[in-house]
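First comes the structure, then the notes that go with it.
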Amino acid sequence: EEQLAQSGGGLVQTGGSLRLSCAASGFTLGDYAIGWFRQAPGKEREGVSCLSIKDGSTFNQYALADRFTMSSDNAKDTVTLQMRSLKPEDTAVYYCKADKTFGLRRTYWGQGTQVTVSS
């Protein structure tokens, strides 16, 4: 089965750190654009960070803030989102998304994971 499996998330205190992971199974993340999105109750979904993978390298990195950092592990077909200096307003469900950038168009979504930052 081709899918994205998320791990990480949980409850942290203000100022803490958390790492989210998104692993591809049944396919490879080569030639994909991968992004992290979040949605809080009553709010619209917003982009947090994204990057593209091509020929084993990452390109076009974006982050909503410097305290969010994405990285990729090509050997494990996994991308991670390192979050630092977390704030209560970061509380949301976080989703991983992968979009194929070459050939047949295809999109995968992770199952989502809850991140809660206590004040």
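Every number here is computed from the coordinates shown, using simple stated rules; none is lab data. Because the structure is predicted, anything quoted here is derived from the model rather than measured. Glycine also receives a Cβ, built like all others from the backbone with ideal geometry; neighbour counts cover every protein chain displayed.
Potential lengthening of the chain between N74 and A40 amounts to 9.2 nm, from the contour at 0.36 nm per residue minus the alpha-carbon distance. The DSSP beta bridges internal to the chain are antiparallel in roughly 90% of cases. Lysine pairs in the chain whose alpha-carbon atoms fall under 27 angstrom of each other, counting only those eight or more residues apart or on distinct chains, come to 8. In the chain, excluding the sites themselves, the longest stretch lacking any of the trypsin sites (Lys or Arg not before Pro) that are in a DSSP loop with at most 13 other Cβ atoms within 10 Å is 1-42. In this label model, A5 and S85 are separated by 3.5 nm, measuring between points 7 Å along each Cα→Cβ vector. Modelled label positions at F27 and R105, each set 7 Å beyond Cα in the direction of Cβ, lie 1.4 nm from each other. Restricting the range 1-72 to chymotrypsin sites (Phe, Trp or Tyr not before Pro) that sit in a DSSP loop and have at most 16 other Cβ atoms within 10 Å of their own Cβ leaves F27.
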